[in-house]
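Colleague: The structure under discussion is supplied below as structure tokens; questions concerning it will follow.
The values are calculated or read from the model by the stated rules, or taken from the named source; none is laboratory data. What you are looking at is a predicted structure, and each value in this text was computed from that prediction instead of being measured. FYI the Cβ positions are ideal-geometry reconstructions off the backbone, even for glycines, and counts take in every protein chain you see.
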Amino acid sequence: MAIQYLALATMIVLYSLMFIGGYISAAGLGLTCPEWPLCPNGVMPSEEYLIEWIHRLVAATTGVLVIATMIASIINKNADLKIKITSSLAAVFVVVQITLGALVIDLKLHAVLVAIHLGIGILLFSMVLLTTLFAFRISRTAIAPRI
């Protein structure tokens with residue numbers, strides 16, 4: 001039963017990540033923290049790096065949630081193949097996103113990589129959305145009386 005709430009939390013955190021990433025991009029703050037994975041001054045950055053640091057913190061949280069959702073869907077005996085596929089694709093996409101995020105910083109916001117980063121983000125959100133919908137379908141079928 002908890003898988004649907006894990007998937008929903010993953011989707012909410014991922015949407016927040018996309019919102020923060022859009023803000024960073026639109027505000028021209030993409031290289032405020034020019035090192036990856038940490039900002040200058042270590043784990044707790046100074047005020048000038050805060051927005052980019054928050055983006056990275058939410059990205060790490062999203063990565064953990066996406067992988068946890070995939071594991072939960074794989075070990076759930078009521079989960080059908082669709083949820084296992086969408087959650088596994090989401091896990092692949094989140095690893096690709098983290099790698100692309102590092103490359104985007106390392107290559108100083110190369111436009112093609114930024115565009116690919118956005119596109120993979122949309123695919124990631126789509127897979128997490130489908131996983132969430134499938135997870136709620138599992139809970140509905142588990143509760144429905146069988147005649």
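Colleague: Counting only residues that are charged (D, E, K, R), give me the helices (runs of 4 or more DSSP H) lying completely in the range 37-147 with at least 3 of them.
Modeller: Of the helices (runs of 4 or more DSSP H) lying wholly inside the range 37-147, those with at least 3 residues that are charged (D, E, K, R) span 81-106.
Colleague: Out of curiosity, is Leu6 within 18 Å of Phe136 (Cα to Cα) and within 15 Å of the chain's Cα centre (by Cα)?
Modeller: Considered against the rule, which asks whether it is within 18 Å of Phe136 (Cα to Cα) and within 15 Å of the chain's Cα centre (by Cα), Leu6 comes out as yes.
Colleague: Does the range 21-39 contain any residue that is of a type in the set (Val, Ile, Thr) and surrounded by fewer than 17 Cβ atoms within 10 Å (Cβ to Cβ)?
Modeller: no
Colleague: Filter the range 22-36 for residues that are farther than 17 Å from Asp106 by Cβ and assigned to a helix (DSSP H, G or I) and give the result.
Modeller: Gly22, Tyr23, Ala26
Colleague: Please find, among Ile3, Ile71, the residue that is at pLDDT 80 or above, hydrophobic (A, V, I, L, M, F, W, C), under 20 Å from Val128 (Cβ atoms) and surrounded by 20 or more Cβ atoms within 10 Å (Cβ to Cβ).
Modeller: None of the other options fit; the residue is Ile3.
Colleague: While we're on this one: Given (1) modelled with pLDDT of 95 or more; (2) among the aliphatic types (A, V, I, L, M); (3) surrounded by fewer than 16 Cβ atoms within 10 Å (Cβ to Cβ), identify the lone condition not met by Val112.
Modeller: Failing condition for Val112: (1).
Colleague: Determine which single condition Ile51 fails, assuming it passes every other condition in (1) under 16 Å from Gly30 (Cβ atoms); (2) touching a Leu at 6+ places or on another chain (Cβ under 8 Å); (3) at pLDDT 90 or above; (4) of a type outside the set (S, T, N, Q).
Modeller: Status for Ile51: all satisfied but (3).
Colleague: Then there is this: Taking the range 55-65, which residues are surrounded by fewer than 16 Cβ atoms within 10 Å (Cβ to Cβ) and closer than 15 Å to Leu38 by Cβ?
Modeller: Selection gives Leu57, Ala60.
Colleague: Taking the range 5-52 on its own, how many of its residues are over 30 Å from Ser73 (Cα atoms) and not polar (S, T, N, Q)? Lay out the reasoning, then the answer.
Modeller: Initial filter on the range 5-52 (over 30 Å from Ser73 (Cα atoms)): 23-36, 38-52.
After this cut, where a residue has to be not polar (S, T, N, Q) as well, the list is 23-24, 26-31, 33-36, 38-40, 42-45, 47-52.
Going through the range 5-52 one residue at a time, the tally reaches 25.
Colleague: Restricting attention to the range 31-72, and to residues there that are of a type in the set (Gly, Ala, Ser) and without any contact (Cβ under 8 Å) to a residue 40 or more places away in the chain, which single residue is nearest to Met11 (Cα to Cα)?
Modeller: This residue is Gly63.
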